[in-house]
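Read-outs throughout are calculated quantities, based only on the coordinates presented, and are distinct from any laboratory measurement. Fair warning: this is a prediction, and the values are worked out from it, not measured in the lab. Don't worry about glycine lacking a Cβ; one is built from the backbone with ideal geometry, like all the others, and counts go over all protein chains shown.
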Protein chains: 2
Amino acid sequence: MPAMSDSRFKALTFDVFGTVVDWRTSVVAELTSFGERHALEADWAAFADSWRGLYQPAMTRVRNGERDWTILDDLHRESLETLLEQFNIVGLLAEQIDHLNRAWHRLDPWSDVLPGMTRLKREFILATLSNGNVALLVNMAKRAGLPWDAILGAELTRTYKRLPEAYLGTARFLGLEPTQCLMVAAHNDDLVAASKLGFGTAFVARPTEYGPSQTQDVKAQHKFNYVVDSFEELADMLGA
Amino acid sequence: MPAMSDSRFKALTFDVFGTVVDWRTSVVAELTSFGERHALEADWAAFADSWRGLYQPAMTRVRNGERDWTILDDLHRESLETLLEQFNIVGLLAEQIDHLNRAWHRLDPWSDVLPGMTRLKREFILATLSNGNVALLVNMAKRAGLPWDAILGAELTRTYKRLPEAYLGTARFLGLEPTQCLMVAAHNDDLVAASKLGFGTAFVARPTEYGPSQTQDVKAQHKFNYVVDSFEELADMLGA
């Protein structure tokens, strides 16, 4: 465990959904409260899981070039309309659907995130490297108090992770080599993709991201530079 | 003078060089200290003014399409090499020139900026809308403690101000209409360009930006939404 700040790294680049914010708890709460306000009944946890379930297939069509670059807010909105139909929820106004779609702008961080980031920010540039679009990430940060130095990632590189340009373009915007960036994520495949390009890697375990019966990404499955259970432990390991 | 926060605006978008930071004083100080370290003599104020003088012509070649998109760090570096030759300064190593070029990453804010931004940040999204590249603006903010919510502008829109896409693309990244953004700048032409696209406008007088004998942009020459002498006065006017 290094006692001094790991000086190879100038910037920490973060996955956001799952790593920084507990999207599932927040989205289920948003859906439940939406249901109460509009007198709608549904299995909101199943709705949230289905919404997230449509996330990768929607991005895949953009990654493939099957469709032009489309920001995540728009992909979320299309998935939401599909699910409202599937769950037989009808008669909502466009602005009500818009508000619900922006539930993804109102996600709460895990409890270790703010104290950890506050320490890490003293030693490193903290940047998002997320598939979320800029407005989503800015609004989320503003509401939750996330002290980012820069909001970067998919929208600015016009490429969704895990494609290389999402990572390489983010490092380039920061004026850094990939080897000067430490990718922080709760997902093995995100870190493997970053690592192949020269990024350092920090796995943060989020074993309840997908709910109580999570099976994927419960722990680190590869050799990463750091493997921790919280952002505060990462700050300890990095000497921040 | 409105007593409550001006709720038309969700975001304040800021010009940076001259408006947020006193580039001339900082660059002259950097050049002077560089000269002392390397036993070089020159009129460093004239050098700084010449360096800034090459800024618009360099961007014009990009705006015209005479050359491909090039970030400001690279334009600054080319101008610096031209000036070193012109001032008969020879024999510097590439890394010494790089360090000097990054003087633009180490500019100090005007004294009203941090207290003003701290108040404004509570009510509005604060984003750069600068011709500076992302790394320059991130490093500057990190060193000076500028609490941006987002680093946006020319590099991300691949367009230098005063071309429309620099403004429109920045509003689009924020998920906002131009009318929901208030452009804050010390330069009349920047505000006029933003205003034509629907942005609100706030002129902040910086009458010594170009040194003691400044003649341009000494005061507001058009009707703007706000005309102030400091960021703290802007916070007063906006009820923040």
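Is the shape of the stretch A:56-110 rounded, prolate or oblate, going by the alpha carbon gyration tensor and its root eigenvalues a ≥ b ≥ c, with a/c under 1.5 for rounded and a/b larger than b/c for prolate? Oblate. Using the Cβ-Cβ distance between B:Val90 and A:Lys142 with R0 set to 41 Å, the FRET efficiency from 1/(1 + (r/R0)^6) comes to roughly 0.25.
Applying the criteria of a DSSP loop state and at most 14 other Cβ atoms within 10 Å to the chymotrypsin sites (Phe, Trp or Tyr not before Pro) of the stretch A:34-104 yields A:Trp69.
Sorted from closest to farthest, the other copies place their A:Val192 label points 5.8 nm away, with each point set 7 Å from Cα along Cα→Cβ. Considering the rotation that superimposes chain A on chain B, the residue of A whose beta-carbon lies nearest the axis, and that distance in Å, is A:Leu156, 3.
Starting from the label point of B:Glu66 at 7 Å along Cα→Cβ, the same points in the other copies fall at 4.7 nm, in ascending order.
Modelled label positions at B:Val218 and B:Ser50, each set 7 Å beyond Cα in the direction of Cβ, lie 2.7 nm from each other.
Counting beta carbons within 10 Å around each of B:Met237, B:Met140, A:Met59, B:Met183 and listing the fewest first gives the order B:Met237, A:Met59, B:Met140, B:Met183. Between B:Arg122 and A:Asp68, the distance separating the two model label sites (each 7 Å from Cα on the Cα→Cβ line) works out to 4.3 nm.
A simple count of charges around B:Asn101, restricted to other residues whose Cβ falls under 13 Å of its Cβ and scoring Lys, Arg +1 and Asp, Glu -1, yields -4. How charged is the neighbourhood of A:Cys181? Take every other residue with its Cβ under 11 Å from the Cβ of A:Cys181, and add Lys/Arg as +1 and Asp/Glu as -1. Computed value for this residue: +2.
Label-point distances for A:Asp49 to the equivalent site in the other copies, using a point 7 angstrom along Cα→C-beta, read 7.1 nm when ranked shortest first. Which links in A:Lys196/B:Lys121; A:Lys10/A:Lys142; A:Lys219/B:Lys121; A:Lys121/B:Lys121; A:Lys10/B:Lys10; B:Lys161/B:Lys219 stretch past 27 Å when you go from one Cα to the other? Over 27 Å apart, Cα to Cα: A:Lys196/B:Lys121; A:Lys219/B:Lys121; A:Lys10/B:Lys10. List the longest stretch of chain B that has no exposed loop site; here a site is one of the trypsin sites (Lys or Arg not before Pro) assigned by DSSP to anything other than H, G, I, E or B, with at most 15 other Cβ within 10 Å. That gives B:159-218 as the longest site-free run. With R₀ set to 45 Å, the beta-carbon distance separating B:Arg37 from B:Asp236 gives a calculated FRET efficiency near 0.60.
Exposed loop sites here are GluC sites (Glu not before Pro) assigned a DSSP state other than H, G, I, E or B and surrounded by at most 11 other beta carbons within 10 Å; excluding them, the longest clear run of chain B is B:67-240.
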